[in-house]
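J.: My questions will all concern the structure given below.
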Amino acid sequence: TEVTEKLEEVVMIWIKQIRQVLLESEQIRREADDIGPSAELEHWKTRMSSFNSLLEEIKSSRVKKVISILQAARSKTLKQWKELDGSITVAANEAKDNVKYLYTLDKFFGPLAKASPV
């Protein structure tokens with residue numbers, strides 16, 4: 001039980017940190033009206049990178065071992081963990097879709113931004 005309690009404390013710290021990342025990513029960005037799609041693309045690429053690295057960390061063997069031990073102990077902290085895991089996956093997929101869409105836009109509108117209309 002002592003090991004389980006320590007692992008639950010570790011998972012609660014992870015949960016707190018992940019919630020902070022999710023909150024920061026959902027905050028409204030304020031930018032000038034004339035920034036264009038390339039700045040939007042950079043924002044989503046950064047966000048995609050952040051969430052993908054977070055997902056890689058969650059899939060690491062260290063994290064999986066801790067979660068499997070808590071599953072065997074039937075810990076109640078796993079409910080929160082699973083909800084956050086789902087939220088991260090949704091956010092990562094959203095960022096990936098937006099990057100894909102904005103790359104397509106940039107492919108067609110990028111030359112217009114770099115060249116004069118004439």
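J.: From the residues in the stretch 65-95 that are of a type in the set (S, T, N, Q) and closer than 28 Å to H43 by Cβ, which one is most open to solvent (accessible area, probe 1.4 Å)?
T.: Result: N93.
J.: Next question, about the same structure. Scan the stretch 104-118 for residues that are modelled with pLDDT under 75 and among the β-branched types (V, I, T) and jot them down.
T.: V118, the sole residue that qualifies.
J.: Identify all residues within the stretch 7-50 that are modelled with pLDDT of 80 or more, among the basic types (K, R) and open to solvent by 50 Å² or more (accessible area, probe 1.4 Å); write none if there are none.
T.: K16, R19, K45
The values are calculated or read from the model by the stated rules, or taken from the named source; none is laboratory data. Note that the coordinates shown come from a computational prediction; the quantities given were computed from them, not determined experimentally. Note that we place each Cβ from the backbone using ideal geometry, even for glycine, and neighbour counts take in every protein chain shown. Ligands, DNA and RNA are stripped out before the accessible areas are found, and what is left, the full protein with its side chains, is counted by its heavy atoms. Shrake-Rupley method; radii C 1.70, N 1.55, O 1.52, S 1.80 Å.
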